[in-house]
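Colleague: Sharing a structure with you now.
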Amino acid sequence: MYNKKIIIIAGHYGCGKTNIAVNLAAELAKEGQAVSIVDLDIVNPYFRTADNNKMLTSFGVDTILPEFANTNVDIPSLPVRFKSIFVSDRTAIIDVGGDDDGAVVLGGYAKDIINTGYEMYFVYNKYRPSIADVNNAYYMMLAIEHSSKLKFDGIINNSNLGEETTTDDILSALPDAKKLAEISGKPLFTTTALKRLKQELITTAPDENFIFIDDITKKIF
Amino acid sequence: MSRKVLMKGNEAVAEAAIRAGCKLFFGYPITPQTDLSEYMAKQMPNRGGLSLQAESEIAAINMVLGASASGARVMTSSSSPGISLKGEGISYIVGSDLPCVIVNVQRGGPGLGGIQPAQSDYFQATKALGHGDMHLIVLAPANIQEMAILTGEAFDLADIYRTPVMILADGALGQMMEPVDFAAKPVRVLPEKTWVCNGHQNKRPMNIVNSLYIQPEELEQKNIERFERYKKIEETEVKYEEYLTDDAEIVVVAYGITARIARTAVNLARAEGIKAGLHRPITLYPFPKKRLNKLADKVDIFLSVELNMGQMIDDIKLAIECKKPVKHFGRTGGVMPVPEEILDNIRRLAK
């Protein structure tokens with residue numbers, strides 16, 4: 001995990017891709033790796049990696065963002081420095097737009113991505129109704145692979161209900177995440193949970209593989 | 001296990017509409033509302049309904065008129081500039097006494113404006129959505145759970161009062177995600193739709209859906225009848241929520257997403273010993289006039305917080321008959337105020 005030059009975080013929109021990508025970038029940077037994060041969301045102009053620009057920059061993460069992120073230009077465009085990830089020494093984490101629509105942009109660079117070396121992870125959130133059924137989630141995986149012309153290496157189970165998420169919510173999503181791994185033949189790499197649930201989760205499910213993360217969503221109230 | 005799901009506001013409105021029996025959706029894409037149309041387009045074919053992307057907002061609202069006349073539960077959605085285009089059709093729907101649900105996920109204006117959240121269509125929604133003597137019921141959700149519940153309510157209110165009902169949201173509510181429980185909707189008794197144009201088969205007199213009246217007296221009578229319904233709406237359908245108003249000396253009045261920011265500001269003010277409270281109108285028409293008027297007897301000053309240059313402030317002044325001062329604080333253009341900015345205003349007025 002995370003030993004290739006390019007790490008791609010993809011999945012259904014609203015499943016928590018940006019949260020995972022930003023947490024991962026911050027984590028790797030804290031460990032001393034040279035990291036870039038690429039906001040490649042060409043679908044939705046809201047809730048972008050750019051919201052965390054300040055925090056990421058303070059950790060030494062190089063942020064590659066669309067020029068007009070968070071402005072009133074409602075056609076998100078590719079960041080001009082995007083292609084630098086194929087020549088840079090840094091590890092690049094790509095935060096892709098939602099669904100197979102968002103993954104289309106990867107398809108255009110599939111050759112470069114494959115040549116540079118990549119890992120791609122599917123973010124699963126059981127509480128997003130469109131992919132709650134694992135068959136629908138699997139279909140989404142196939143659709144993303146098709147439009148990105150790339151293959152998934154594993155699944156990150158990010159099942160959550162936002163701030164209200166309880167230990168129960170996390171635990172009851174585990175069987176679905178495992179089933180998705182079984183159906184798709186891709187390993188369940190990890191289950192993510194907010195840091196405040198850490199103590200409870202490691203006591204109730206000591207055998208599960210958790211990564212504890214921060215909620216980096218823009219807070220307005 | 002939770003029966004809640006995690007949804008965007010736009011998705012929650014669409015899902016709630018389908019669950020409320022909405023069979024027809026006519027829309028036209030516009031940011032920040034497009035996820036709603038997209039959800040409808042994906043879901044409707046599998047759930048016994050139809051979602052159609054019209055050639056324009058004007059076409060969409062007129063399709064709503066036709067569908068409603070046939071008795072279907074029908075919805076359209078757009079964002080500010082698109083709602084302006086629907087104005088004529090909305091007036092015709094009101095004039096024809098037809099129920100429907102219209103969603104406005106507001107963005108900054110005027111003109112093309114921007115794509116970030118705003119509340120600058122308050123006047124339009126509550127005063128002037130179309131020509132003629134008319135109102136719409138206007139509901140202002142403040143969280144994703146309410147986006148869902150009020151959408152279901154909107155369909156019921158529309159059928160009960162034979163009027164369009166607007167969900168007045170904004171770009172933030174449309175785009176943000178929160179847990180939703182769709183089972184929480186209250187159940188209402190609905191009247192039979194005896195006025196529907198669905199073929200009389202020689203078994204009943206024909207129904208005509210129309211907004212043109214040749215005789216002035218007949219048109220006047222229609223308007224009087226409609227305003228009797230508005231009176232009933234004003235008497236029975238007012239909804240609001242209050243927070244710490246019991247002993248409040250300064251009351252912040254805010255609706256929708258702004259009310260949530262204001263609530264944090266009220267907490268910050270209380271921590272400093274300022275007796276602040278929050279009044280949140282849930283129905284913007286009917287506006288909670290009576291309650292505000294009563295509050296004005298014991299409150300020293302009101303602060304209207306809106307994502308506009310000052311629109312609801314006028315309704316507050318009218319409601320309290322200018323018994324106490326009412327001040328405005330707003331940000332526009334898609335800029336969201338932070339709680340501290342509202343707190344600064346509360347502090348200044350509390351002195």
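The values are calculated or read from the model by the stated rules, or taken from the named source; none is laboratory data. These numbers were taken from a predicted model, which means no experiment stands behind them. Note: ideal-geometry Cβ built from the backbone for every residue, glycine included; neighbour counts use all protein chains shown. Each accessible area value is taken on the protein alone, full model and side chains, heavy atoms only, with ligands, DNA and RNA left out. Shrake-Rupley method; radii C 1.70, N 1.55, O 1.52, S 1.80 Å.
Colleague: For chain B, with the dipole built from +1 on Lys and Arg beta-carbon atoms and -1 on Asp and Glu ones, taken about the Cα centre, which of B:T76, B:I346, B:A142 lies farthest toward the positive end?
Modeller: Of the options given, the answer is B:A142.
Colleague: Below 8 Å, C-alpha to C-alpha, sequence gap of six or more: please give me the relative contact order for region A:1-131 in percent.
Modeller: Relative contact order, region A:1-131: 42 percent.
Colleague: Same structure again: Tell me the label-point distance for the pair B:F123, B:A54, using the 7 Å Cα-to-Cβ offset, in nm and rounded to one decimal.
Modeller: Distance between label points: 2.5 nm.
Colleague: Next question, about the same structure. Need one value for A:39-46: mean number of C-beta atoms belonging to other chains within 10 Å of its residues' C-beta atoms.
Modeller: Mean inter-chain Cβ contacts per residue within 10 Å come to 3.
Colleague: Okay, moving on. Ranked from the most accessible area to the least, with a 1.4 Å probe and all protein chains present, what is the order of B:R260, A:R48?
Modeller: Per-residue accessible area, sorted high to low, gives B:R260, A:R48.
Colleague: Would you kindly find the accessible area of B:C322, with a 1.4 Å probe and non-protein molecules such as ligands, DNA and RNA excluded, rounding to the nearest 10 Å²?
Modeller: Accessible area, nearest 10 Å²: 100 Å².
Colleague: Please report the carbon-and-sulfur percent of the accessible area for region A:1-119; probe 1.4 Å, protein heavy atoms only, DNA, RNA and ligands left out.
Modeller: So the carbon and sulfur contribution to the accessible surface is 52 percent.
Colleague: Past 27 Å, Cα to Cα, is the threshold; run A:K126/A:K186; A:K126/B:K42; A:K149/A:K179 against it and keep the listed order.
Modeller: Cα-Cα > 27 Å for no pair; all within.
Colleague: Below 8 Å, C-alpha to C-alpha, sequence gap of six or more: please give me the relative contact order for chain A in percent.
Modeller: 23 percent
Colleague: Moving on to the next point. Of A:D207, A:D39, which has the most accessible area with a 1.4 Å probe, and how do the rest follow in descending order?
Modeller: Heavy-atom accessible area, descending, gives A:D207, A:D39.
Colleague: Given the convex hull over the Cα atoms of region B:1-61, what projected area results after averaging over all orientations, in nm²?
Modeller: 4.6 nm²
Colleague: List the residues of region A:129-151 for which accessible area in the full set of protein chains is at least 50 Å² lower than for the chain on its own; 1.4 Å probe, protein heavy atoms only.
Modeller: For region A:129-151, once contacts with the other chains are taken into account, A:P129 lose 50 Å² or more.
Colleague: Of all DSSP beta bridges located in region B:99-228, what percent are antiparallel, nearest 5?
Modeller: 10 percent
Colleague: Among the lysines, which fall within straight-line cross-link reach of B:K127, defined as a Cα-Cα distance under 17 Å, with same-chain neighbours fewer than 8 residues apart omitted?
Modeller: B:K86, B:K231, B:K289, B:K317
Colleague: Now, a different point. If only Cα atoms are counted, what is the Rg of region B:97-231, and what is its Dmax, in Å?
Modeller: So, for region B:97-231, Rg and Dmax equal 17.9, 53 Å respectively.
Colleague: Sticking with this structure for a sec: In whole Å, how far is the Cα centre of region B:55-105 from that of region B:195-266?
Modeller: The two parts, judged by their Cα centres, are 16 Å apart.
Colleague: For chain A, what is the accessible area per residue in Å², given a 1.4 Å probe and the full set of protein chains?
Modeller: 43 Å²
Colleague: Take A:V123, A:V73 and sort them by solvent-accessible surface of the protein heavy atoms, 1.4 Å probe, largest at the top.
Modeller: Putting A:V123, A:V73 in descending order of accessible area: A:V73, A:V123.
Colleague: Oh, and also: Take the Cα atoms of region A:6-213, find their three principal axes, and give me the spread along each one in whole Å, biggest first.
Modeller: 46, 36, 34 Å, listed from the longest principal axis down.
Colleague: Scan around A:I93 for amide H atoms under 5 Å from its own, H built in the peptide plane at 1.01 Å from N, and keep only partners 5 or more places away or cross-chain.
Modeller: The answer is A:I7, A:S36, A:I37, A:V38.
Colleague: Using the C-alpha atoms of the protein assembly as shown, what convex hull volume per residue, in cubic angstrom, is computed?
Modeller: Measuring per residue, one finds 168 Å³ for the Cα hull of the protein assembly as shown.
Colleague: Taking every DSSP beta bridge with both residues inside the protein assembly as shown, roughly what % is antiparallel (nearest 5)?
Modeller: 15 percent
Colleague: Sort out the exposed loop GluC sites (Glu not before Pro) in chain A (DSSP loop, at most 13 other Cβ within 10 Å) and tell me the longest stretch that has none.
Modeller: Of all site-free stretches, the longest is A:68-163.
Colleague: Let me ask you something else. Translational diffusion coefficient of region B:179-271 at 37 °C, 0.692 mPa s, Stokes-Einstein with Kirkwood Rh over Cα pairs, in µm²/s as a whole number.
Modeller: 172 µm²/s
Colleague: Here's something else I'd like to know. How many times 2.2 N^0.38 Å is the alpha carbon radius of gyration of chain B?
Modeller: Dividing the Cα radius of gyration by 2.2 N^0.38 Å gives 1.00.
Colleague: Something else now. Given Cβ point charges of +1 (Lys, Arg) and -1 (Asp, Glu) and nothing else, what value in debye, to the nearest 20, does the dipole of region B:278-328 about its Cα centre take?
Modeller: Rounded to the nearest 20 debye, it is 220 debye.
Colleague: Short version: ³J(HN,Hα) in whole Hz for each residue of region B:283-290, in order, from phi by Karplus 6.51 cos²θ - 1.76 cosθ + 1.60 (θ = phi - 60°), x for Gly and Pro, what are they?
Modeller: Values per residue, Gly and Pro as x: 9, 8, 10, x, 7, x, 4, 4 Hz.
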